[in-house]
Amino acid sequence: MKIVISTFGSLGDLYPYLEMGSLLSAAGYEVTIAISKVLRERVETSYPVNYLIF
């Protein structure tokens with residue numbers, strides 16, 4: 001199953017969704033998080049989820 005999570009805001013908004021995405025990914029879901037380009041580095045270096053920049 002594929003899941004898309006979308007968030008826009010500060011790191012306080014992003015981190016809970018990254019944790020949830022990591023847990024869903026570990027459970028076998030294909031997770032993609034839509035984020036702003038400012039937050040890209042936080043996602044690509046720390047979490048096992050795909051991401052889209054908007």
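Would you mind calculating the relative contact order of the chain from Cα pairs under 8 angstrom and at least 6 residues apart, reporting the percent as a whole number?
38 percent
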statement: With a Förster distance of 22 angstrom and the Cβ-Cβ distance between Ile3 and Val38, calculated FRET efficiency to the nearest 0.05 equals 0.45
task: Please order Tyr17, Tyr29 by the number of other Cβ within 10 Å, starting at the fewest.
output: Tyr29, Tyr17
message: Could you check the spin-label model distance between Thr45 and Leu11? Points 7 Å from the Cα along Cα→Cβ, value in nm.
response: 1.1 nm
- line: Dipole check, segment 2-53, charges on Cβ (K,R +1; D,E -1), about Cα centroid: among Leu39, Leu11, Ala27 the Cα furthest to the positive pole belongs to Leu39
query: Tilt of helix 11-26 relative to the longest C-alpha principal axis of the chain, in degrees (0 to 90, nearest 10)?
result: 20 degrees
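Charges only on Cβ, +1 for Lys and Arg, -1 for Asp and Glu: so what's the dipole of the chain about the Cα centre, in debye to the nearest 20?
So the dipole magnitude of the chain works out to roughly 100 debye.
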- prompt: Which semi-axes, in whole Å and largest first, does the equivalent ellipsoid of the chain have when worked out from the alpha carbon gyration tensor as the square roots of 5 times its eigenvalues?
  reply: 17, 11, 10
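Since every read-out is calculated from the coordinates, none of them should be taken as a lab result. These figures come from a predicted structure and were not determined experimentally. When we count neighbours, we look across all protein chains shown, and the Cβ atoms used for this are built from the backbone with ideal geometry, even at glycine.
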